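The structure under discussion appears below in the form of structure tokens.
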Amino acid sequence: MNASRSLSLRAGLLSALILLLVLAVWHVATLSSTPVAAAAPALTPEQIEYAKLMGKDPAAGGAPAEKSGFPTLAQMGQTIAKHLSQPFYDNGPNDKGIAVQLGYSLARVGLGYLLAALVAIPLGFVIGMSPLVYRALDPFIQVLKPISPLAWMPLALYTIKDSSISGIFVIFICSVWPMLINTAFGVASVRREWLNVARTLEVTPLRRAFEVILPAAAPTILTGMRISMGIAWLVIVAAEMLVGGTGIGYFVWNEWNNLSLPNVIFAILMIGIVGMLLDLMFARLQKAVTYVD
Amino acid sequence: MRHDNRFDPYNPDRPLQMRCACGQHASAEEHLSAEAALTELKRRSETAEFEAYSNDFIEASLVKALFPQDALRRRFLRAVGKGTAMAAIGSVLPIASLQAMAQEKGALEKRELKIGFIPITCATPLIMAHPLGFYSKQGLDVQVVKTAGWALIRDKMLNKEYDATHFLSPMPLAISLGLGATATPMNVATIQNTNGQAITLHVKHKDKRDPKDWKGFKFAVPFEYSMHNFLLRYYVAEAGLDPDRDIQIRVVPPPEMVANLRAGNIDGYLGPDPFNQRAVFEEVGFIHLLTKELWNGHPCCAFGTSTEFIQKNPNTFAALYRAVLTSAAMAREARNRELIAKVIAPQAYLNQPETVLTQVLTGKFADGLGNVKTVPDRADFDPIPWQSMAVWMLTQMKRWGYVKGEVNYKQIAEKVFLLTDAKKQMKALDMKVPDGAYPKITVMGKVFDPEKAEAYVNGFAIKRSPTA
């Protein structure tokens, strides 16, 4: 107990050290690119005017605003503070706070993922219990599984004719496979003895499914669900960048449109954090259903 | 207590935030200046003077569109009289907002509309009509929705997610013809902007100002069916280069043009503003030439919708048309341009540094080579959708093999560019239809006669032969 505590303490210290190191490298790397407040003697009026049009007012002294170079740590800090100080504002359809955008994305992911689970888990059960169905469906699964979300998008837009439903469909189609395959695998590899015991006790098929197979396969099913959630969160950003409108992917696109790197980096950070939280949630769930033989 | 406290901590009507109240601006000061710009523009738009001007503008645009040659207009008016002419035009064109109609509008079939736009300065009239309240003045509840790309604009129009939209002016022609889309009749109601594009090159090509030296260059344009593509092809072909073999033209979204230019992936682009000026601002490119130097007054983007929408909602369409035209009238006035830049710069609209937009709209700009240039008509907003423009676009589509076989230039142009209906109906009313809407066009010194479109296509040395 004591050893594990000291390990986690040391690991935490090491993490903090790595973070500091990364930040220091960032700081040093961006330091050189900040312009020296150059003495501006002997500029003709035209040169001064030109410099002003380029966003570098020589009279104001340095600080070229809103250029799209790599941000310094201070600029990054300001950006983060700015977005987090007002996460919920809503200025019409094209300008919303970061929390609102994340909310839209999470709602889409949630809906698409739920639909995928509703299809994948029952179907995975059937496939897992029947070798015949498994063999029959396997080629389709193998072909559909590796298709990239962005490849589905044009087809979805063309056939569904609604961009937000298309987004949800793409989440669905990309997160359905890991759940399906894992469920089928989990169900298929339930121990023979347990099934045999159930058979000798003449348990009804429904009861067998819920009381024998489901608990036994639950850890594998949850692994599939966890992988799927990771994929769904990856997909939403790409889909929203393509379709636009709302969501964190749209936010990235819109800031990219403005060539604003600090905002893009901020968005990347948020995507990472939310993805991590989602994964943690499934890790907890997984722990809850795991059992020791 | 001081009276000049700009944060106004004791004002019960203002939220006390050290940054601005709406979250759009870095400081309260900036917010106030943006708000002041909006208020000033609104005030200007509400003067009787502007109203009269804008009414006149709409009416004049209309009449001019019907009668491109002034002699013809006078002959026609003398023949039928002013009243008959007004009634005729009023009854045939959905715009028909001749001043009388502005007062008694028909009932709107649809009030809540969604209009798509791409965040470039070409969309100025469409966008600014929103904060200035021109849509709501027409009784419309309009959402202007920023869209991620031209292909998506096309899809959302076909899906009917948008009621009307910002188009590249050749897009309605292409969609109506079924090029790169399922054939669906679309219409161009007005041209959104004229001029306003440029060829931007990487700073390392400062000494390669002659297009003859561009062999092997990689260029970007925003969309296949765009004036950008056609003008770039035309320009390099005039210099003796084959745009399909000697250079490479890629379709790249405008913001990525700047990033790709910086990375050296492309040598230049013919793109929409503000991304030409943005490349200068980022110190990665310079403005080689303004497209105005190729064809002064060329159309670029358009405002349009599907034919079905117009037929189902004629009054709504008329109201929308009036709002956009009022906005164009406002945008055409040079004195408004600086304020307009302020109004459309925030995140909800173009999301660009204000100084970049000001340079594009006022025409006083840094060219990336150390010069300050003054070109007041760098961007303009002449709304008339001349059918000769459509015919020219079709000739270029034919020239480069986008359309194959026989092309009935005038028929397609008249179907898509909205002046047509007027003529058809005038015929039905037994009126003498003016010949027109086909003024001649000069592109790079060469006069284009829309009557001889096929000969024009065949006259080019560099083109895709129909069999190739």
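The mean number of partner chain beta-carbon atoms within 10 angstrom of a residue's beta-carbon across peptide A:248-260 is 5.
Measuring between alpha carbons in the structure, the pairs from B:114/B:364; A:52/B:212; B:292/B:452; B:312/B:398 lying more than 31 angstrom apart are B:114/B:364; A:52/B:212; B:312/B:398. The distance from the alpha carbon centre of segment A:216-293 to that of segment B:384-399 is 47 Å, rounded to a whole number. Distances between placed amide hydrogens fall under 5 Å for residue B:448 paired with B:441, B:442, B:443, all partners being 5 or more residues away or on another chain.
In summary, the helical segments of chain A meeting the span-like criteria, namely a full DSSP H run, a Cα extent along the axis of 27 angstrom or more and a mean Kyte-Doolittle hydropathy of at least 0.5, are A:2-31, A:98-129, A:163-188, A:214-243, A:261-289.
The distance linking segment B:342-370 with segment B:257-305 is 13 Å (Cα centroid to Cα centroid, whole angstrom).
Heavy-atom accessible area, probed at 1.4 angstrom with all protein chains present, ranks B:205, A:27 as A:27, B:205, highest first.
The simple spin-label model puts a point 7 Å past each Cα toward its Cβ; for residue A:162 and residue A:144 those points are separated by 2.1 nm. Largest first, the residues A:49, B:338 sort by 1.4 Å accessible area into B:338, A:49.
Each Lys or Arg adds one and each Asp or Glu subtracts one; over the other residues with Cβ under 11 Å from the Cβ of residue B:298, this totals -2.
Shown for segment B:282-413: the carbon plus sulfur share of the solvent-accessible area, taken with all protein chains present and a 1.4 angstrom probe, equals 45%. A loss of 20 Å² or more of accessible area (1.4 Å probe, protein heavy atoms, ligands and nucleic acids excluded) relative to the isolated chain is seen in these residues of segment B:336-350: B:347, B:348. Less than 5 angstrom separates the built amide H of residue B:190 from those of B:303, all sequence-distant by 5 or more or on a different chain. Between residue A:21 and residue A:273, what is the label-point separation in nm under the 7 Å Cα-to-beta-carbon projection? Each label point is offset 7 Å from its Cα along the Cβ direction, giving 2.4 nm. Applying 1/(1 + (r/R0)^6) with R0 = 51 Å to the Cβ-Cβ distance of residue A:126 and residue A:29 gives a FRET efficiency near 0.40. Counted without the sites themselves, the longest stretch of chain A free of chymotrypsin sites (Phe, Trp or Tyr not before Pro) in a DSSP loop having at most 12 other beta carbon atoms within 10 Å is A:89-290.
Taking the Cα centre of chain A as the origin and placing charges on Cβ (Lys, Arg +1; Asp, Glu -1), which of A:187, A:147, A:7 is farthest toward the positive end of the dipole? Selected residue: A:187. Per the accessible-area calculation with a 1.4 Å probe, the total area buried between chain B and chain A rounds to 3600 Å². Within the assembled protein chains, the solvent-accessible surface assigned to residue B:307 is about 30 Å², based on a 1.4 Å probe.
Of all the accessible heavy-atom surface of chain A, with the other protein chains kept in place and a 1.4 Å probe, what percent is carbon and sulfur?
72
The values are calculated or read from the model by the stated rules, or taken from the named source; none is laboratory data. Quick caveat, the model's predicted, so the values are computed rather than measured. So basically every Cβ, Gly included, is an ideal-geometry build from the backbone, and we count neighbours across all protein chains shown. SASA here: full protein model, heavy atoms, side chains in, ligands and nucleic acids out. Shrake-Rupley method; radii C 1.70, N 1.55, O 1.52, S 1.80 Å.
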